[in-house]
1. For the stretch 99-165, which semi-axes, largest first and in whole Å, follow from the square roots of 5 times the eigenvalues of its Cα gyration tensor?
2. What list of ³J(HN,Hα) couplings, whole Hz, do you get for the stretch 231-246 from phi and the Karplus terms 6.51, -1.76, 1.60, once you set θ to phi - 60° and write x for glycine and proline?
3. Would you calculate a helix-derived [θ] at 222 nm for the chain, using -39,500 (n - 2.57) for each DSSP H run of n ≥ 4 and dividing by the full residue count, to the nearest 500?
4. Please give the length that would be gained between Ala178 and Ala40 if that part of the chain were fully extended, namely 0.36 nm times their separation in residues minus their C-alpha to C-alpha distance (nm, one decimal).
5. Under the rule of at least 5 residues apart or a separate chain, name every residue whose amide H is placed under 5 Å from the amide H of Gly122.
6. Take Leu146 and Thr3, extend 7 Å from each Cα along the Cα→Cβ direction, and tell me the distance between the two endpoints in nm.
7. Through the Karplus equation 6.51 cos²θ - 1.76 cosθ + 1.60, θ set to phi - 60°, convert the phi angles of the stretch 205-219 into ³J(HN,Hα) values in whole Hz; use x for Gly and Pro.
8. What nm distance separates the two modelled labels at Asp237 and Asp14, each placed 7 Å from Cα along Cα→Cβ?
Amino acid sequence: MTTVRYRLGAQVHDLTTRTLVMGILNRTPDSFYDQGATFALDALLRRADELVQAGADILDVGGVKAGPGPDVTEEEELDRVVGPIEALHARFDVAISCDTWRASVLDAACTAGAVVGNDISGFGDPDYLRVASKHDASVIATHIRLQPRVADPDPHYHDLVGDVTAFLLERVQRAEGAGLAPEQIALDAGLDLGKTPAMSAVLLRESADLTDLQYTVLLSASNKRFLGELLELDIGDRREVSLAAVAYGVSRGCRIVRVHDVEGSVQVCRMLQAILESREVAVS
């Protein structure tokens, strides 16, 4: 079994069989899932406490939703995420990720205590990796066909899995060229980002194409549109299928899962870990 490692701050995690669970904290008034339920700081901190108690390894704080919506200025994004990250860092001994594609926001977030930059733009900001390297932060490189906040209703690919893989490998080269170690780079296929529901399903099915690259692979499928459209499920009815996606992705080698349901995902991931480790014992 291939050894995979990912760094969170000073700690390097062996993810050969273990999966890190990343709990989502939206500091947005218009997220597709919770519609602003954790926009107020007190509500965000209460939710963070629930996620930590449920076993989250990482708290992912985002101040701008990925999809189209009202413009959020750099100043407003900074106001939404920096204070909460400072508060989370003071309260919890859990790694913090900042979900941002702006280098300036990553810079301030790392100063406040974040150790991961989760960038759905695929490093569209030319200063992003320089800032990550400056703070010795880890990063997540996500595939997107256009850019965040831009609608992409009719995406086309020459070779879906091959195109996504080539895009992410090029981002790996950029990250390593900026001085980041392989253990500081994770890859995300970007389900729902410039993909039809069928395309997202194919990328989930073929997760091993990315995990075979021997970098940590993050799966972000929780409650997403493709799950709802494929199975005709409203947003409040996607818990079980989201957990099924986690189980499938982990079985195919994904080693970080970004989720809303931390408690259920922790149970799934620990069960998969026990199965994988039992297999190691059986063949050793």
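Read-outs: derived from the displayed coordinates by stated rules, not from any lab. Every value quoted in this text rests on a predicted model; they were computed, and no experiment measured them. Here the Cβ positions follow ideal geometry from the backbone for every residue, glycine too, while neighbour counts run over all protein chains shown.
1. On the way: eigenvalues 140, 30, 14 Å².
Calculated on Cα positions only, the semi-axes equal 26, 12, 8 Å.
2. 10, 6, 10, 5, 4, x, 10, 10, 4, 5, 6, 5, 5, 5, 5, 4
3. On the way: 10 runs with 123 residues, N = 284.
After summing the helix terms and dividing by residue count, I get -13500 deg cm²/dmol.
4. The Ala178-Ala40 span can extend by a further 46.1 nm.
5. The list, which skips near neighbours in sequence, is Thr142.
6. Spacing of the two 7 Å Cα→Cβ label points: 4.4 nm.
7. For the stretch 205-219, the Karplus-derived couplings read 4, 9, 3, 4, 4, 7, 5, 5, 6, 6, 10, 4, 10, 9, 10 Hz, x marking Gly and Pro.
8. Here the answer is 4.4 nm between the modelled labels.
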